[in-house]
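Visitor: Sharing a structure below in structure tokens format, with a few things to ask.
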Amino acid sequence: MKRVVNFSAGPATLPFEVLQQVQAELLDWQGSGMSVMEMSHRDKEFMSIAQAAEADLREVAGIPANYKVLFLQGGATGQFSFIPMNLLRGKQSVDFVLTGDWGKKAAKEAARYAKVNVAASSEADKFTHIPDRAGWKLDPNAAYVHVTSNETIHGVEFAADPDTGAVPLVADMSSNILSKPFDVSKYGLIYAGAQKNIGPAGVTIVIVRDDLIGQTLPNTPGIFDYKQMADNESMLNTPPCFAWYVSGLVFKWIKANGGLKAIGERNAKKAELLYGYIDAQDFYKNPVAKADRSRMNVPFVLANAELDADFLKGAKAAGLNGLKGHRSVGGMRASIYNAMTLEGVQQLVDYMKEFARTRG
Ligand SMILES: Cc1ncc(COP(=O)(O)O)c(C=O)c1O
């Protein structure tokens, strides 16, 4: 077996130890005589898997008791709609801070349910920075303020949890959740598709303060209603059992690897290695303001775009996968989520150096 070094933006590389454990228990989960894929979600075996996953996530992320943790379906894109359905609470408008395409997509969906006020945007600068906090035009009557904590396509990340005062802060953390310590109590709601830092595609995590739920728009379907889902432990219907189970193993892996502090330090080292090289030469460039650069997704362009195809071909031959940039921005992108090792990033830098030396 030969595994690639996988820089895919998502679904993305998972910790090798987790995959090995999944393989070891695939046919017979802990003496149950069944695969997790074959268990009833109401059986005590799966209930124990589900509860352990929630408890471990609560521990790893330091989630306060007044927050519900939901394991849902529909991806982060589903949440673009489910959030306004649940969180408007009789209010008419929502604030958005736009730092990339994912925030724009979320705003477009929210506009079907509420008036969207763009409180700040860096679109005029091609989303290469986070708008200065002092210039945000927040509305004190907004139901919530939405941010995308890490814009996966543009490689722009909030370095710290933003402060929005009394108006609840909602964050799409799909591509940087659990990559460093974060303060859940600063947020009204956090959501993330699992397929980058958590586990397989198919499960979406929502962490929501309990006083914000239970006032859904009329006609909201039950499975989109956070309160109904919370009251039923995310099992109003059949949950994405296998993805939930693998996510639980990833939470245990984070604990075994020193928790979010240690994971965050490792991620900082990986990002420094790659940005350090990019900034030290002229062949590759990253356009993002240094303070706002993502530690998870590193977009870069080659000095000569005609070499892109050769760069990708050579990378593939060297076992480096998933480096093609998003179709909307072109160039390259290296996604270096939690499960990417420092050695993997070093292999990429070595390849980039060699390519620049021979082709630059
Ligand atoms: C920041 C961000 N938000 C939302 C999404 C959409 O997620 P999903 O495909 O789970 O709907 C992505 C997917 O890449 C993302 O990176």
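The values are calculated or read from the model by the stated rules, or taken from the named source; none is laboratory data. Keep in mind that this is a model prediction, so the values were computed, not measured. Neighbour counts are summed over all protein chains in view; Cβ atoms, including those assigned to glycine, are modelled from backbone coordinates with ideal geometry.
Visitor: ALA243 passes all but one of (1) of a type outside the set (Ser, Thr, Tyr); (2) modelled with pLDDT of 95 or more; (3) over 25 Å from ALA65 (Cβ atoms); (4) surrounded by fewer than 16 Cβ atoms within 10 Å (Cβ to Cβ); which number fails?
Guide: (4)
Visitor: Those residues that are within 16 Å of the ligand (Cβ to nearest atom), part of a loop (DSSP other than H, G, I, E, B) and either at pLDDT below 95 or on the phi < 0 side of the Ramachandran plot (or both), I need them from the stretch 200-230; list them, please.
Guide: PRO200, ALA201, VAL203
Visitor: Moving on to the next point. Only one residue in SER185, SER234 is surrounded by fewer than 20 Cβ atoms within 10 Å (Cβ to Cβ) and more than 16 Å from the ligand (Cβ to nearest atom). Which one? First the steps, then the outcome.
Guide: Details: SER234 fails: surrounded by fewer than 20 Cβ atoms within 10 Å (Cβ to Cβ).
Result: SER185 is the single residue among SER185, SER234 that is surrounded by fewer than 20 Cβ atoms within 10 Å (Cβ to Cβ) and more than 16 Å from the ligand (Cβ to nearest atom).
Visitor: Continuing with the same structure: LYS196 versus (1) within 16 Å of the ligand (Cβ to nearest atom); (2) among the charged types (D, E, K, R); (3) not assigned by TED's automatic domain parsing to the domain that holds LEU88: which is the lone unmet condition?
Guide: Among (1) within 16 Å of the ligand (Cβ to nearest atom); (2) among the charged types (D, E, K, R); (3) not assigned by TED's automatic domain parsing to the domain that holds LEU88, the lone unmet condition for LYS196 is (3).
Visitor: I need a count of the residues in the stretch 68-108 that are among the charged types (D, E, K, R) and either surrounded by 20 or more Cβ atoms within 10 Å (Cβ to Cβ) or touching a helix residue (DSSP H, G or I) at 6+ places or on another chain (Cβ under 6 Å) (or both). Steps first, please.
Guide: Taking the stretch 68-108 and keeping what is among the charged types (D, E, K, R), we get 68, 89, 91, 95, 101, 104-105, 108.
Okay, now just the ones that are also either surrounded by 20 or more Cβ atoms within 10 Å (Cβ to Cβ) or touching a helix residue (DSSP H, G or I) at 6+ places or on another chain (Cβ under 6 Å) (or both), so 68, 95.
Count: 2.
Visitor: Can you tell me how many residues in the stretch 197-214 are surrounded by fewer than 17 Cβ atoms within 10 Å (Cβ to Cβ) and in contact with a helix residue (DSSP H, G or I) (Cβ under 8 Å, 6 or more places away or on another chain)? Give the derivation first.
Guide: Taking the stretch 197-214 and keeping what is surrounded by fewer than 17 Cβ atoms within 10 Å (Cβ to Cβ), we get 201, 210-211, 214.
Among the residues that remain, those that are also in contact with a helix residue (DSSP H, G or I) (Cβ under 8 Å, 6 or more places away or on another chain) are: 201, 210, 214.
The qualifying residues number 3.
Visitor: Could you grab the pairs with beta carbons closer than 9 Å, sequence gap of 6+ or different chains, first residue in the stretch 188-216 and free of Cβ contacts under 8 Å to residues at least 24 places away in the same chain, second one in a loop (DSSP other than H, G, I, E, B) and within 16 Å of the ligand (Cβ to nearest atom)?
Guide: ILE190/SER149; ILE190/MET173; ILE190/ILE177; ILE190/PHE182
Visitor: Something else: Determine whether ASN176 is touching a residue at least 40 places away in the same chain (Cβ under 8 Å), in contact with a Ser or Thr (Cβ under 9 Å, 6 or more places away or on another chain) and either surrounded by 24 or more Cβ atoms within 10 Å (Cβ to Cβ) or assigned to a helix (DSSP H, G or I) (or both). Walk me through it before giving the result.
Guide: Values: touching a residue at least 40 places away in the same chain (Cβ under 8 Å): yes; in contact with a Ser or Thr (Cβ under 9 Å, 6 or more places away or on another chain): yes; either surrounded by 24 or more Cβ atoms within 10 Å (Cβ to Cβ) or assigned to a helix (DSSP H, G or I) (or both): yes.
Judged against the criteria, ASN176 is a match.
Visitor: Still on this structure, please answer the following. Can you confirm whether MET34 is surrounded by 15 or more Cβ atoms within 10 Å (Cβ to Cβ) and more than 28 Å from the chain's Cα centre (by Cα)? First the steps, then the outcome.
Guide: Details: surrounded by 15 or more Cβ atoms within 10 Å (Cβ to Cβ): yes; more than 28 Å from the chain's Cα centre (by Cα): yes.
Yes.
Visitor: Tell me which of these GLY10 doesn't satisfy, since it passes every other one: (1) of a type outside the set (A, V, I, L, M, F, W, C); (2) in the same structural domain as VAL147 (by TED's automatic domain parsing); (3) surrounded by 16 or more Cβ atoms within 10 Å (Cβ to Cβ).
Guide: (2)
Visitor: Pick from ASP231, ASP225, ASP210, ASP183: which is among the acidic types (Asp, Glu), assigned by TED's automatic domain parsing to the domain that holds ARG112 and touching a strand residue (DSSP E or B) at 6+ places or on another chain (Cβ under 8 Å)? Lay out the reasoning, then the answer.
Guide: Details: ASP231 fails: touching a strand residue (DSSP E or B) at 6+ places or on another chain (Cβ under 8 Å); ASP225 fails: touching a strand residue (DSSP E or B) at 6+ places or on another chain (Cβ under 8 Å); ASP183 fails: touching a strand residue (DSSP E or B) at 6+ places or on another chain (Cβ under 8 Å).
Matching residue, one of ASP231, ASP225, ASP210, ASP183: ASP210.
Visitor: Restricting attention to the stretch 145-166, which residues are more than 16 Å from the ligand (Cβ to nearest atom), crowded, with 19+ Cβ neighbours inside 10 Å and in a loop (DSSP other than H, G, I, E, B)?
Guide: THR164
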